[in-house]
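Each remark here refers to the structure printed beneath this line.
The values are calculated or read from the model by the stated rules, or taken from the named source; none is laboratory data. This structure is a prediction, so every number in the text was calculated from the model and none was measured. Here the Cβ positions follow ideal geometry from the backbone for every residue, glycine too, while neighbour counts run over all protein chains shown. For accessibility, only protein heavy atoms count, side chains too; no ligands or nucleic acids. Shrake-Rupley method; radii C 1.70, N 1.55, O 1.52, S 1.80 Å.
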Amino acid sequence: MSNLSKKDWESLCPELTIEEAYTFPQIDFSDDRLDDIATGVWGNGFIHEKPVFSQEQLHPLLKALTLMQAKGIPPVYIYVFDQPWYLFKQLNQLIGHFLGDEYALLPNLWAWYFDAPGERGWRPHQDCHLETVFDLGGDKMLMSLSLWIPLTDCTEENGCMFVLPREKEHVLRDNPEMEQALLEPYAQPLPAAAGSVLGWPQDLVHWGGTFKEGAVPPRASLSLEFQNTAFDPLVAPFLDAGAPPVFQERLSLIQGQYEKYKHIVSENEVSFFAEK
């Protein structure tokens, strides 16, 4: 897809844009709600927030992913367009609560779309193998945060996310290879309606479920990663969280994801990127 021009992409998905500036109202989280979310993060280790995005925002992205699926284009290419970047930007208040106002975007991004029995999300893993939660005299500090937004309702039948809650992490002592069958009895499923916000400190073990026979709808979702700039970049360079990269930088970022994730992506995606 590197040979497609900006105009080609715009023609492919005319409801989406490239390199247009937008001003969206930030999603407002009350202080009490942020405190409740933080309690969940410091305790169980994850964010599981009810829908905050409208169908009006989600539908064009889902429509584009469905079209890309039909054309054999890996879902991660949705980041060619502006809308995924601005979707996450509306969570500025939530992200800043954990990472500080000057947080940065890490150059790690992915998207998923599967609708056939047996297709599945990524196997158990951590986004960062370092400790990412620090206790500073009773106050918690978070180094990095992954956020995951479902564009469709995600259930255990169509492949919702699973996490290993903090209180269950002791099982890793006997399962350092994170074998899924051994983790599943301790897992917490995170079913989520379209437009919800899921997230976790990057050392939390998590994985995607499997799309089962007869499941509906397709499982479509987006993910970006963020970091507190008080720490050295986990992955360089930091990206500006306030504005999406320009078109050519987006393409380079997308194509660079394959080398990071080729050990874990689907066979179709491996074949697609390997041909580039």
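The number of residues in the stretch 134-154 that are at pLDDT below 95 and on the phi < 0 side of the Ramachandran plot comes to 6. Scanning the stretch 30-83 for residues that are loosely packed, with under 13 Cβ neighbours inside 10 Å and either under 18 Å from the mean Cα position of the chain (by Cα) or outside any helix (DSSP H, G or I) (or both) yields a total of 5.
From the list Lys168, Lys212, which residue is within 28 Å of Pro84 (Cα to Cα), open to solvent by 40 Å² or more (accessible area, probe 1.4 Å) and not acidic (Asp, Glu)? Write out each step before concluding.
Working: Lys168 fails: within 28 Å of Pro84 (Cα to Cα).
Going through Lys168, Lys212 in turn, the sole match is Lys212.
For the residues Lys168, Lys140, the requirement of being basic (Lys, Arg) and touching a residue at least 24 places away in the same chain (Cβ under 8 Å) singles out Lys140.
Just the residues that are in contact (Cβ under 8 Å) with a residue 40 or more places away in the chain, open to solvent by 40 Å² or more (accessible area, probe 1.4 Å) and assigned to a loop (DSSP other than H, G, I, E, B), please, taken from the stretch 84-106. Break it down stepwise before answering.
If we filter the stretch 84-106 for residues that are in contact (Cβ under 8 Å) with a residue 40 or more places away in the chain, which is where we start, we get 84-95, 97-100, 102-106.
From what's left, open to solvent by 40 Å² or more (accessible area, probe 1.4 Å): 89, 92-93, 97, 102.
Within the stretch 84-106, Glu102 is the sole residue that qualifies.
Within the stretch 218-249, the set of residues being open to solvent by 20 Å² or more (accessible area, probe 1.4 Å), under 25 Å from His59 (Cα atoms) and not small (Gly, Ala, Ser) comprises Pro218, Pro244, Val246.
In this structure, Gly118 does not satisfy being open to solvent by less than 30 Å² (accessible area, probe 1.4 Å) and part of a loop (DSSP other than H, G, I, E, B).
Only residues that are outside any helix (DSSP H, G or I) and either of a type in the set (Val, Ile, Thr) or at positive phi (or both): list them for the stretch 155-191, please. Before the answer, list the steps.
Here is the first cut: in the stretch 155-191, the residues outside any helix (DSSP H, G or I) are 155-165, 175-179, 187-191.
Within the stretch 155-191, Thr155, Gly159, Val163, Met178 qualify.
What number of residues within the stretch 1-29 satisfy the criterion of being in a loop (DSSP other than H, G, I, E, B) and open to solvent by 60 Å² or more (accessible area, probe 1.4 Å)? The number of residues fulfilling the criteria is 13.
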